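Read through the structure below, which is laid out as structure tokens, and then see the notes.
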Protein chains: 2
Amino acid sequence: MKLLAKELQLSVSTVSKVFTDSHEISEQTKQKVLALAKKLNYVPNPYASSLRKRKSKTIAVVLPEVADSFFSMAINGIESIAREKGYHVLIYLTHEQMEREQAILSDFQSGRVDGVLISISNETTNDEHIIDMMQRGIPVVFFDRVCEETATTRITTNDRESGQLAAQHLIDQGCRNIAYLTISGSLSISRNRLAGVKQALTAHRTPFNERNLVMCTDNEEENLRIIKELLQRKDRPDGIIASVEKLTAAVYLACKELKIAIPGKLKVISFSNQTTAPILNPSLTTITQPAFAMGKLAAEVLFNSLKKTNVTLKAETVVVPSALVVRESTTGRDLG
Amino acid sequence: MKLLAKELQLSVSTVSKVFTDSHEISEQTKQKVLALAKKLNYVPNPYASSLRKRKSKTIAVVLPEVADSFFSMAINGIESIAREKGYHVLIYLTHEQMEREQAILSDFQSGRVDGVLISISNETTNDEHIIDMMQRGIPVVFFDRVCEETATTRITTNDRESGQLAAQHLIDQGCRNIAYLTISGSLSISRNRLAGVKQALTAHRTPFNERNLVMCTDNEEENLRIIKELLQRKDRPDGIIASVEKLTAAVYLACKELKIAIPGKLKVISFSNQTTAPILNPSLTTITQPAFAMGKLAAEVLFNSLKKTNVTLKAETVVVPSALVVRESTTGRDLG
DNA sequence: CATTTCCCCGCAACCGGTTTCGTAAATAAA
DNA sequence: TTTATTTACGAAACCGGTTGCGGGGAAATG
């Protein structure tokens, strides 16, 4: 910038004001400066600017992992509108560990980011680290895996209704003994989905059997073992609801190994955004979450609050509904 | 920091030196400062530090998209070692557009990042924007989708051998009319894979028929149309090699609609990292790329060069081999 | 022609750490 | 004890933009 100033016989401040598009500078001078800047391929140092303005034009996205399609699509949604608003996106993975989540967030005390989008790890049982950050003036928007008690905006899907819908669908298809697979007892999304399931079952006078609440891990092989065990019980279920995408494979593999026909002997529905759902064997009935939309919305809400100064985000939950897509794994018929 | 200094009756410089772990400071003073810092939950402002040190401790990852499993897993690999080294990761998506790629990279002239990991878009036909950046002293490591002519380190998989292996496998399974599906004519990975395919075919005295080189798009429906057309030709192929993960679904769907049996009438092999490959109908034979390892390696190479000053990255290609995983879609038998 | 207003631009302080250099005190060497 | 060396810390410049304020000159007003 000094160079630019010297070259054009101007002061640094004038040049700076050109880049902030100040009204104090004549159109003529602006053009000259911008022309030379383009020629020299000059871009202002963002860190100098961040330092002075106390704004980083950067947000953080904190995710458990990017293994499944949901978070991939969410990233797309977030990035799309971050780019639109001229923000930069830092990505952090917690690997489902609360400790890492805390370490990551504590770094944000530094002013590295202007705001945070987070989907909490399934280990996360308290929100102190999040509240702490908010109190330091860094706005947070939850998406998908939210803390229901924390006073900020949450973007979720209609987990409870979806659970209900899934169970209802299985009941309609003749299931009477439905199992629910999950990877976490504490996560609100899992709890809510389960609540929906229970509600549907109770409504049909076939209350949920707690033995059918199956806790899985993040280890593929162990999940396979757990599910095989489930399917070898005397009173084995005739319907399975997988509350997470990555449990689908284990269910299918278990059935294959045990030669249990889907949907003949067992109907399967999964919360999933996998594009391969239609070409599975058999094609998989899913509850499909609006991942892209949720990411996008979360980002929009955050950027909105960033525009104004000193506005705290409303403590509300915004719900973007999921869709039930019926396929062969629950019906035997392919409905597209 | 000023606050800390005042509180402890020390100068700012002393406090600063504590955080850089300078030898000039006594152990005693360090402890005092760190203790108070912890109590106050103080973290140094990274931008002030970046400004002075001309290092951002941040790298950029530039990707076409995060739609498929490859890039998801690569991100995991990258993030894992970035965290280990204390680096931060900015993520940018080009959406397969060279224009965006250029815009993104040109921003890096600002010193926002210390280095870049990039997998180029399939529109990218020249590397001027990349060379430009390198000349400004920002090291670049390519991974997967590389520019073969650019003088820096490239992390790839053995695309050519994999193509050869795929074709060889189909030949072994009795295919005599093999089609190759791709989404780009310019991308080196696609070209190399095709070259491998051709080599295998030529070796078996059944040279590749150029009509069997099928160019797809990034539009699902259009791909379906294109593939259906391919499969309705008089001389329709008896084997398909899908060079990109996302073309798999279209192939399967086309076969379903046209009632073409896999692997009976058509054998299918795909370059894919999908975890659902084993549970497709039929399970899918894949060339599986070491996505996590490639991301990790790319990051390691980059960080290595970042440690030393003024070392330009060797213009070499590091190859991490892919694996052929044989399943039902080419054999009719499930080999696990 | 004198005065006011407005438009442009420069001066200098500032953001929050980092780093060079200097110095006083403590320790070692002569 | 004197001199040389080491240790521990402070003063101030610096990184590269940003911004409040002040001023010079041109245009507008009286």
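Pick out, from segment A:271-335, the strands (runs of 3 or more DSSP E) lying fully within it that include 1 or more residues that are among the hydroxyl-bearing types (Ser, Thr, Tyr).
Answer list for segment A:271-335: A:285-288, A:317-319.
Quick one: residue A:66 ticks every box in (1) assigned to a helix (DSSP H, G or I); (2) away from DNA strand C (no atom under 14 Å from the Cβ); (3) of a type in the set (Val, Ile, Thr) except a single one, so which number is it?
(1)
Go through the residues of segment A:280-289 one by one and say whether even a single one is at pLDDT below 95 and surrounded by fewer than 15 Cβ atoms within 10 Å (Cβ to Cβ).
So far as segment A:280-289 goes, no, none of its residues is at pLDDT below 95 and surrounded by fewer than 15 Cβ atoms within 10 Å (Cβ to Cβ).
Out of A:104, A:130, report the one residue that is open to solvent by less than 10 Å² (accessible area, probe 1.4 Å), more than 7 Å from chain B (Cβ to nearest Cβ) and touching a Cys at 6+ places or on another chain (Cβ under 9 Å).
None of the other options fit; the residue is A:130.
Name every residue in segment B:287-301 that is in contact with a helix residue (DSSP H, G or I) (Cβ under 9 Å, 6 or more places away or on another chain) and more than 12 Å from chain A (Cβ to nearest Cβ), in order of residue number.
B:287, B:288, B:289, B:290, B:293, B:294, B:296, B:297, B:298, B:299, B:300
Could you please find all residues in segment A:1-30 being part of a helix (DSSP H, G or I), near DNA strand D (Cβ under 8 Å from one of its atoms), open to solvent by 50 Å² or more (accessible area, probe 1.4 Å) and not aromatic (Phe, Trp, Tyr)?
A:2, A:12, A:13, A:17
Take the conditions within 12 Å of DNA strand C (Cβ to nearest atom), within 10 Å of chain B (Cβ to nearest Cβ), hydroxyl-bearing (Ser, Thr, Tyr) and open to solvent by 10 Å² or more (accessible area, probe 1.4 Å) and apply them to residue A:42. Does it pass?
Considered against the rule, which asks whether it is within 12 Å of DNA strand C (Cβ to nearest atom), within 10 Å of chain B (Cβ to nearest Cβ), hydroxyl-bearing (Ser, Thr, Tyr) and open to solvent by 10 Å² or more (accessible area, probe 1.4 Å), residue A:42 comes out as no.
Only one of B:90, B:63, B:51 is crowded, with 22+ Cβ neighbours inside 10 Å and within 10 Å of chain A (Cβ to nearest Cβ); which?
B:63
Surrounded by fewer than 21 Cβ atoms within 10 Å (Cβ to Cβ) and either in the same structural domain as residue A:71 (by TED's automatic domain parsing) or in contact with a helix residue (DSSP H, G or I) (Cβ under 9 Å, 6 or more places away or on another chain) (or both): is that true of residue A:271 in this structure?
no
Considering only segment B:31-59, how many residues are near DNA strand D (Cβ under 10 Å from one of its atoms) and part of a helix (DSSP H, G or I)?
Qualifying residue count, segment B:31-59: 9.
Take residue B:165 and decide whether it is touching a strand residue (DSSP E or B) at 6+ places or on another chain (Cβ under 7 Å) and farther than 17 Å from residue B:318 by Cβ.
So residue B:165 fits the description; yes.
Hey, among B:223, B:177, which residue is among the polar types (S, T, N, Q) and touching a helix residue (DSSP H, G or I) at 6+ places or on another chain (Cβ under 6 Å)?
B:223
Determine whether segment A:10-24 contains at least one residue that is away from chain B (no Cβ under 11 Å), away from DNA strand C (no atom under 12 Å from the Cβ), of a type outside the set (Val, Ile, Thr) and at negative phi.
Taking every residue of segment A:10-24 in turn, at least one turns out to be away from chain B (no Cβ under 11 Å), away from DNA strand C (no atom under 12 Å from the Cβ), of a type outside the set (Val, Ile, Thr) and at negative phi.
The values are calculated or read from the model by the stated rules, or taken from the named source; none is laboratory data. Predicted, not measured: the structure shown is a model, and the values here were computed from it. All Cβ positions, even for glycine, are placed from backbone atoms using ideal geometry, and neighbour counts span all protein chains on display. In case anyone asks, the SASA skips ligands and DNA or RNA and just uses the protein heavy atoms, side chains included. Shrake-Rupley method; radii C 1.70, N 1.55, O 1.52, S 1.80 Å.
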